[in-house]
Structure formats: structure tokens, C-alpha cells
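Read the structure below first, then the notes.
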């Protein structure tokens, strides 16, 4: 998951959990066939883990144009091996996607979203080779597989595939039909996912589903499991100031002494960035920017009830911060996290950035930004407002290169897709926790927006961390009583199938 662009369910559970004690218990009666399936999950453990290891060894990295179309072809084969009768690689204007269906003759159909791409990595920052999929002992956790994509998102997805292999090997028919798409550009903002999902045959297949979920590792070290009802949207872009476009400043890097008579594109970019936000950087000041609707009373109640259940000190330690914005009390900081759009600078690049000094006046400067959007705001409106703002303020020469992004998502707590998750968790003895939406993002808009207008979310047991960071891992054999290993994660999907089929 972006747990990947999604802030992890584990972090949210610690920061903002809401007990669902007020919800009526949903009894989860284990199907007699579950024991046979569980036995096959155990019997196939080594093969399932090897499948994940092999998949990690083939990283598809959209930002580097690495392993395309190989990654899509590999994804399609994994799906065929797991029992999907129809799989096809679908071309887009960018990286290919994969569309697959599994017809089990069931009354209900479940939609599934996969990503087969992973984030870039610097091998020098890892304690083990990022493509090796090495099994490593983690004290207090157990044996984990370390590698790029281990938790974001290949580990949970491999556990989902393991569930299908076990169903097939046990001779049990899947209790739901499946319709699935896998994209290869999630880590660059999913710029072409709509070309896959809105293809007529794909859209028609998803329209028959009860909703769409993404396999995820939802558990935390203390046993907390959070179910999120949505996610913020995102705009990913670059702002580029250059002497060529501006018509002022140099067309190549020149000696810094010339600043006395030559304009600086780098300063121009800095001044333009300053118009986007308030002086403290915390309030968006883009002219005519779409407004964030207020949180509903239901969502405010969730946040207010959650604050006493989590540790503010633990969260500050986890993120390495000493203060929230405006020194807000914890509950208000959580409400802001959920309710507010943001303009964030991911990186600033211009001129010389190596060791020591180098007296140059750069001819070009780039700012990488992400703009987070809450439900009620729209991607196109945010981009249009930003471009108009820069032009109005005299910065029309600054290039706005949108590289990806999408609308936010929101699903109802009473949607069958969500209620089935809560039922399975409660049957496992877990008191599930609910949160209005993640502060991170994933491209579920293609499912929640019209014309499909489906519920969408994340589900799956297991634990891992390090998405987008060095030493990313997913638990294979747990030594922590609060965590499932790979086999338990696989069984959580089997249980989900049966609950959804009711």
C-alpha cells in the first residue's frame, strides 16, 4: 500500500483508532472446507514463499522504465497459475496493465486491485540485497523476507495468490468469482489506470462486483487492525523554472558572480513556491483552489473517540517530530490529518548539490510537489487552479509538468465489502478499528467514482514495514502472538471469500 502512497494501517491504528464495539457482532461460522484449505496452505508454504522471492527478483520500476513489458507478462502468468481462466496484458499510453477473471460459478463477484510495480531503491542503503528476498530474523517479530516490494505490495498479493492455490489444491471451489486488474504505474501516480478500468469489457466485469479491495498487511505489532473507509487523492507534478522559458536569466549555468547583473531562475522558482502557501507553509493560498468539505459529524466522532486510545508520544517518536502544526492538541492534529488538503515539496533541485561549494548561477531549477486532496475535491480542478494561479501571479513561464495522480476515495462503513472485513476480524477475536480515510493515496477512484461507484478498500492479515524505504520486509513466520505469518495472511483471504459469499 502506498501503503505505498497510503499511510499504513498500522500507523493509523496507533494514531487514530476507533473501537467498533457499538457495531452488532457478525458471527463468522467457519466453513467445514476451511480446514482442508488451511492444510494445503501449510503444505504449499515453501512453494508460496519461493514464489514471492522469485517475484521480488523481477522489479518493475516505472520511473526507471525497468522491466516492461516483462513485469506485466510475469504478472499475467502468476494469475494464470493461480487459476484465473482469462488473463490478458492490456496496453496503455504508458506501462501495460493486466486484466483477469476467475469464474467460479458463484453468485457474487469480488473485485481485486493489484500493482505489480515497485519503488526505486539504492542498494547501498540496504542491509541485504534488495532483490534477493533474503529471510532475516527480526527480534520480537519473527522470520521476515526482506526485499523491494516485500510489503508494498508483492507480499500481501503473493499471500492472496497462495490462497487461490490452496483452494484449487484442496478441490474446493472458490465461493466468489474474481475480477482483477494489475497496474504497473502505481508508484508514479497511476497516470493511465483509467485506460485499463474504463475499457468496456473491464468496466462491465467490475460492474458485477460487490466492491474492490487491495490485498494489504493490516496488522500492527500490538495486534491493532484498522479498517479505513477511504483515502486522499493526489496530484504529483514538477514545477520547472528555466532561463529559456522565462526569457531572463542564463540559458546555461554561469559563474555566480554574474548574479549582480543576471536574473536567477532558481530564485524565481522559490518566489513562485512562496505564493502557493502561507508564510508557515501550512495553509494553501492558491487562487480559486477547490475547497475541502468539512468532516461529517460521524467522522468527527470517530476521531474524537480515537484519541484516548492511542499514544501521542509513540506517534511523535515514530515520525521523529516534536510538535504538530500550530502545536495542536493530539485530537485536533488527527482531525487535520484526515480533513485537510496539502501542498508538499518532495524535493528541490537546482545547480550544484555535491560536496563543498561551486559558485554557479543555475539556469534551471525544479521543485517536485505532491498535492493531497480530500473527498469532495477533484484532481482536474486542483491542476487547473494551480496553473491559473501561477499565470495570474506573473509566473506563467514556469512549467507545470503533471506526472500522475487521481481523485480521492470514500466508501460507506455499511458497504458489504467493509462489513465482511469487520466480520472476519471479529471472528478472529480481533476488535477492529475504523478510520474515516487514510492521509495517503491509492488509485481507487477508478472504482469509487462514477460510472462504477463501488466500495473500495484494503484488507489482509500480516505485517511488514519499510515501504519506499531501505530494508522493506514482510513477515513469513511470526514469533509475535499479535501477528500472522505468511500462511495466516493467506488464510485471511480465504475467510474473506467465504464471508463475502454469505
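Derivation of every value follows stated rules applied to the coordinates shown; laboratory data play no part. Everything quoted here is computed from the prediction, not taken from an experiment. Methodologically, a virtual Cβ is constructed for each residue, glycine included, from the backbone with ideal geometry; neighbour enumeration extends over all protein chains shown.
Worth pointing out:
- With contacts taken as Cα pairs under 8 Å at a separation of at least 6 residues, segment 227-295 carries a relative contact order of 21 percent.
- Counting only alpha carbon atoms, the long axis of helix 70-81 and the longest principal axis of the chain meet at about 10°.
- Structural descriptor for segment 232-386: relative contact order 43 percent, calculated from alpha carbon pairs under 8 angstrom and at least 6 residues apart.
- Protection proxy ranking, peptides 113-122, 415-424, average beta carbon neighbours within 10 Å, highest first: 113-122, 415-424
- Relative contact order for segment 124-231, counting Cα pairs under 8 Å that sit 6 or more residues apart, in percent: 19 percent
- Å³ per residue enclosed by the Cα convex hull of the chain: 152 Å³
- Antiparallel bridge percentage (DSSP; both residues within the chain; nearest 5): 75 percent
- Burial order of peptide ranges 127-135, 231-239, 54-62 (average beta-carbon count within 10 Å, highest first): 231-239, 54-62, 127-135
- Ranked for footprinting exposure by Cβ neighbours inside 10 Å, fewest first, 435, 246, 267 give 267, 246, 435.
- Put in order of Cβ neighbour count within 10 Å, fewest first, the listed residues 108, 291 become 291, 108.
- DSSP assigns beta bridges within segment 91-222; of those with both partners inside it, close to 50 percent run antiparallel.
- Between the beta carbons of residue 46 and residue 89, assuming R0 = 30 Å, the FRET efficiency works out to 0.55 to the nearest 0.05.
- In the chain, helical runs assigned H by DSSP with n ≥ 4 each contribute -39500 (n - 2.57); averaged across all residues and rounded to the nearest 500, the mean residue ellipticity at 222 nm is -9500 deg cm²/dmol.
- Ordered by the number of other Cβ atoms lying within 10 Å of each residue's own Cβ, fewest first, 441, 170, 257, 411 fall into the sequence 257, 170, 411, 441.
- The stretch between residue 304 and residue 248 holds 14.9 nm of extra length on full extension. This uses 0.36 nm per residue minus the Cα-Cα distance.
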